[in-house]
Every structure is written in C-alpha cells, then in structure tokens.
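Peer 1: My questions will all concern the structure given below.
What follows draws every value from the coordinates through simple rules; no lab data is involved. Everything quoted here is computed from the prediction, not taken from an experiment. Every residue, glycine as well, gets a Cβ built from its backbone with ideal geometry; the counts of neighbours run over all protein chains shown.
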Amino acid sequence: MSLPLVLPGGWLSRPQVVEFCGLQTARQRARFCVRSASFSCSAARFQPSQITAVGFVDAIKRWRLARQGLSSGKKRRVYCANPVIQSLEGSLWVKLALYAVFAVMTAIMVLKASPTSFFSDQPIKGPIYGFVIALMALVMFQVTLQTSCRRNSRVVLVLGGLILHLVVVKILMTVVDNQSDLESYRFLIIPYAMAPMLHGVLLGRAAGSFSTVFVSFVGCLFVPRAEFLDYMILSLVTGMTAVLLSNQVRKRGQLLRAGIYSGCVTVALSLILGKPGIASSIGPNAMDHLQLLGSGSGAAFLMAVITALFISGLLPFFEGVFHLTTDISWLELSDLNHKLLRQMQLEAPGTFHHSLVVASLAEAAAEKIGANAPMCRVCSYFHDVGKLKKPVYFIENQHDGAENPHDSLTPTMSALIIIAHVKDGIDLALKHKLNPRIIEVIQEHHGDSLVYFFYRRAQEQKKAELEKVNRQLENPEDLPVVDEKSFRYPGPRPRTRESGIISLADTVESASRSLRKPTPAKIRTMVEDLVRAKINDGQLDDCPLTLQELAIVKESFCSTLRSMLHSRIDYPKDKESKDGRNEDRATIVPRPADATRGGRSVSAA
Ligand SMILES: [Fe+2]
Ligand SMILES: [Fe+2]
C-alpha cells in the first residue's frame, strides 16, 4: 500500500523518513511520532517497509528525469513475500494452536460416534483415547513429515484434510445408522481414498501414507464395534492403493485411473470380507441378494471414482490456496505457446534456443537425482526472460558481423545492462503472473556471481589509464574506479536443488557453445571446471545439493551434452589427435556470452 507521510505543513523531510524507517518496534515508532509532534501518530502502526515516503521522493525524481528524457519514468516490479503471511507461516504459536484444535476435534468426533461404536458406552474414555491417538499422530507427523511441518499452511492442509475425511465418514455413518435399509452399504459408500489421495498428490507419498494410517485408526472408532477391523483393513488397503497410484501423476487421467483401481480394490475386499455376503446370494432370496451385491459393488466403485474426480477438479484450488504446484500443473505450464515464450522466440531467438537447451540439461539431471524434473524444465524456459527488454545486448542474439552494442559502452555500463536482466525478468514474470517458483529461479539463477568478462575489461582499462598517469599524460583523479560489487549480480544464491541445477545447466550450456571441436574428454573437463568454479565461488553454499548428487548432475550434463553436440564431436581417432593436440583440456574461448552467464569464464587450455 502506498502511504505518503504527510506533515500538517507539508511532506515529511527525508532525514526524518530515514530515521523513522530505521526504527524496529512499534513503540519506538510511536515515540518518534510524539517527539516529532507534527507527524501523524496513525503512521506508527505501519511497518517501515510500508512507508513509501522515500518512494514518493524517488517518484518525483523519476518524473523530473522523464521530463528531461533521461528516464522512461517506469519502475520495475519487485518480488517480495508478504511479511504478515511469512510470520504466520513460521509461527510456533500458530502451529501449536492448529495442533490443539486438531486434537480436540478428533476427541469430539470420537465422543459423538454412533451408539454401537467402540467407546459408545464410555463417554470419558472415548474422547481421551481419541485425544491421545491425535497427539501420537501429531508426534508422528512432526517426526516423519518435517518438510510439511515447517510451513503452517502445509499443516493446515494435512490436518484439515484429515478432519474433513473423518467428518465425511462420521456423517455417512450417522446416515446409515438412521436408515436401516442402507445398513448393507455401510462400508461401500465411504470415500476411503479422499484424504490419502489429496495428500499424496499435493505433498507426496509420505504424507499420503500418514493420512491413510490416521484415518484408518480413528475412522474405525466411528463404526460398530464388531466391524471395526473390517473397516480398518478396507481403509488401509484402499488408501494405500490410492497413494501408490497417484504418486507423481502427470496427467489428470492418471488420477481417474487411480480412483478406478481403488474402487476395484474396495469391491474385491468387501466381497472377501463378506460385505455384502456372497454366501447369501445362494438360497431362496438369491435374486435380491445378487441385486444387493451388484448395487453395493457399483456404489463402492462409484464413490472411489467420484472421490478421484472431486480431487482432480479441486486441485487447482488447493494449489492456489496452499502455494503448491503439482507435476500436472508444471506440465500445463510447459506449453511453449505462452505469450512470453512466443515473444522470446521472435525477438530473442538465441535466448530462446539457449533456454530450451538449459531445460533439457536441467530436466535430465533433476530426473537422475530425484528432484522435480518438470519444474526444472518450466523454470529453465523462463529463467532468462528478462533479456527480452534488451535482447541485442546478449551475444546469443547478435548476428555474425553485426555491431556489438557493448563496443560503445564502458564496462561498468555493460555490466549494469547484463545484470539488469534478472530484475527485468522478475518484473516481466510478475506482470504475467508466473508461478512464484519460476520467479525464485529467475532471481537465483546467477546467484551473486561476477560478470567476469566486463570486470576483467574494466581492470584492463584501469591498467592502461594507470600507465598514462605514470607517464604523466593524465591526472590521477581521472583514473576510473573499478569496484567488484558493481560487477556482481544482486543474488540471492540458489536455495533449492532445482534452482542449483538450473544455475549449473545455464553456465554449462553457455560455455559449451564456445567449445572448439568438442570431444567427450573436453566436455567432461569443461563441466568439471565450471562446477568446481561455482563451488569455489560459494554459489552453491545455500543449495541443498549433496556432493553425491553433484557428481550425478555432472555425469548427466556430460551425457546430455555428448548427445546434443554429437554432430560436432571429434572422437579421438579424428584429425585433432593426429595433430598431437592435448585432448584432455577444455578450450573455452572467453566471449561476452560467457560473461553474461555470471559463471567464471574458464580458459583451461
Ligand atoms: Fe541469466
Ligand atoms: Fe541463461
């Protein structure tokens, strides 16, 4: 929200704004308001980040520059998470409150179970048992699903899904208890796969298995005492079938298939457990029993299919609310007809081709180490989308013989333009409402690496100027200042395995284009050198990739590059080996293209 700070007599002065923004607590800000007297006290309840007085001053400056033709007057969109949501996501108190509500609701549901249920005649023992089971489940949840536990939105998804499942089971049991003619369908109309499938698709196999066990153990307390074991077996087997079949689904049809198979398992198990009994269909009322058998089996099958369709239909809603992206959505997002990708194809064909190759490299490597491969593919497509703002400044979009616009710029200005493609990418991604994971990859794919080519050029220019100063041809004040910080990307460094893989694939792809007469040995040396350079520069320090995974990723890059550069590869028997050249060293010619990737330009030969 824009909130210009207004004094009764005019705008708040800049030093006052700076002082106010430096205050940490609401109390300090309130004191400041009282002290400055003329400052509206209502501003004290706002966080410094919301205060845009500085932004207002900048807006006036921009407007002035735009009037002089020195600025476009526009401001880039900036990606930042909502601080309120962030604090709620990690709050321990919120998590404890959610756990307490969950345990109490479970206890209440056990208390309100049907009159024939396990604890129907024990009004105190029943809820206590329910409460204890819920507590033990929470301990298991905390121990086995640590990734989901860290974010409270995931906790809501897991615990809310379990409660919803149990409420549905409870309602159905109550309906059956009140209508005696539905007694034969008691175990056939329960959506056993609901919570397991929902959690399995959204959070993975472990979460789905946890759901299956919990809803089976608590659900059996809602059914008649004599049949609790039948319910538990049906719920466990059907739930686990749904979880196993819906793991890493990439098409909605696969969810429906998982529902159909779950229904088949429910029907088969029901018949084995005698619900409805096959034995009854042989006798005087055989037709009636056969009819019951058919309708019961149909009901069980239909319920499983409806459950799958319900989850499939509501998946986009759950993904949006809980900020999750399933493989189904990643595959939908991988459509190359996206407006930005089509624009890239026309205006920056070199970058488009580069993105496709990075996508192939990253996807193959992610697949090998069990990372999210569809996500890697989609994020790679968009990682350099910011180059669309100034495509000709990037070597892959420059035609042979065409003038290089960097020739007429200082190295500092060139680096500024190159580095800006990250911020421009975030701006475009926010404008086109791209997935937040894509925006994070755009932000992180260069980490805080150095634009080495232009940094080196700036140093060379400084050295030349220094010689002139030594020969007293120039004044020492005219020496250019070369600050390494000005040549570094703003970061942050890659923080996920997928982001790390894309960052490495990006560097490897750029360097591979400069590889002269590639051989398998040269490709391997190049990949080894580039990955080592990234590690030495600390670019993978925040990334959870292990050394073992890095070795697999390197192997995957070599294999993918070998197949991609197959037509260019000189195998050892070729002319090059006859010339006696060293084949074990990579020859990567430093070009501005390499510099734009932020990785160190490697010239190992
Ligand atoms: Fe980039
Ligand atoms: Fe790139």
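Peer 1: To one decimal place, what Kirkwood hydrodynamic radius in Å is obtained for the range 487-558 from all pairs of distinct Cα atoms?
Peer 2: On the way: mean 1/r = 0.0790 Å⁻¹.
This gives a value of 12.7 Å.
Peer 1: Take every Cα-Cα distance within the range 245-390, group them into 5 Å bins from 0 onward, and report for each bin the whole-number percent of pairs it holds.
Peer 2: With a bin width of 5 Å, the distribution comes to 2, 9, 13, 13, 11, 10, 9, 7, 6, 5, 5, 4, 3, 2, 1, 0, 0.
Peer 1: From the phi angles alone, apply the Karplus equation (6.51, -1.76, 1.60; θ = phi - 60°) to the range 243-259 and give each ³J(HN,Hα) in whole Hz, x where the residue is Gly or Pro.
Peer 2: These are the phi-based 3J(HN,Hα) values: 5, 5, 7, 9, 6, 6, 6, 10, 9, 5, x, 5, 5, 4, 4, 4, x Hz.
Peer 1: I would also like to ask the following. Based on the alpha-carbon gyration tensor of the range 330-596, what equivalent-ellipsoid semi-axes (square roots of 5 times the eigenvalues) come out, in whole Å, largest first? Don't skip to the answer; put the middle values down first.
Peer 2: Numbers: eigenvalues 185, 126, 67 Å².
Its equivalent ellipsoid spans semi-axes of 30, 25, 18 Å.
Peer 1: Also: What are the residues whose amide H is under 5 Å from the amide H of residue 488, where those residues sit 5 or more places off or on another chain and H is modelled from the backbone?
Peer 2: The answer is 451.
Peer 1: OK, next. If you stretched the chain out fully between residue 535 and residue 251, how much longer would it get, using 0.36 nm times the residue separation minus the C-alpha to C-alpha distance?
Peer 2: Net length gain for the segment: 98.5 nm.
Peer 1: I need the fraction of alpha carbon pairs in the range 84-324 separated by more than 33 Å, rounded to a whole percent. Let's see the in-between values first.
Peer 2: On the way: 5575 of 28920 pairs.
Cα-Cα pairs of the range 84-324 separated by over 33 Å account for 19 percent.
Peer 1: Considering all projection directions equally, how large on average is the shadow of the alpha-carbon convex hull of the range 54-152, in square nanometres?
Peer 2: Working: hull surface 42.9 nm².
Orientation-averaged projected area of the Cα hull: 10.7 nm².
Peer 1: With labels modelled as points extended 7 Å from the Cα through the Cβ direction, what inter-label distance (nm, one decimal) is found for residue 322 paired with residue 146?
Peer 2: 2.1
Peer 1: So, one more: Given 0.36 nm per residue, what is the gain on full extension from residue 521 to residue 135 after removing their alpha carbon distance, in nm?
Peer 2: On the way: separation 386, 0.36 × 386 = 138.96 nm, distance 5.74 nm.
Taking 0.36 nm per residue and subtracting the Cα distance, the gain is 133.2 nm.
Peer 1: Going through the cross-link list 431/485; 534/554; 387/485, which pairs have a Cα-Cα distance over 24 Å in this structure? If you can, show how the numbers build up before the last one.
Peer 2: Details: 431/485 29 Å; 534/554 13 Å; 387/485 21 Å.
In this structure, 431/485 exceed 24 Å between Cα atoms.
Peer 1: Rounded to the nearest 0.05, what FRET efficiency do residue 153 and residue 433 have when you use their Cβ-Cβ distance and R0 = 22 Å?
Peer 2: 0.65
Peer 1: Take the cross-link list 74/423; 462/517; 368/389; 389/462 and give me the ones stretching past 25 Å between alpha-carbons.
Peer 2: On the way: 74/423 13 Å; 462/517 35 Å; 368/389 35 Å; 389/462 30 Å.
Where the Cα-Cα span goes over 25 Å, the pairs concerned are 462/517; 368/389; 389/462.
Peer 1: What list of ³J(HN,Hα) values in whole Hz, one per residue of the range 466-481 in order, does the Karplus curve 6.51 cos²θ - 1.76 cosθ + 1.60 (θ = phi - 60°) give from phi, with Gly and Pro shown as x?
Peer 2: 5, 5, 5, 5, 4, 8, 6, 8, 9, 7, x, 5, 7, 5, x, 8
Peer 1: Among the lysines, which fall within straight-line cross-link reach of residue 170, defined as a Cα-Cα distance under 28 Å, with same-chain neighbours fewer than 8 residues apart omitted?
Peer 2: 95, 112, 125, 275
Peer 1: Further, regarding this structure: Apply the Karplus curve 6.51 cos²θ - 1.76 cosθ + 1.60, θ = phi - 60°, to the phi angles in the range 345-351 and return the couplings in whole Hz, x for Gly and Pro.
Peer 2: With the stated coefficients, the range 345-351 comes to 4, 7, 9, 9, x, x, 5 Hz.
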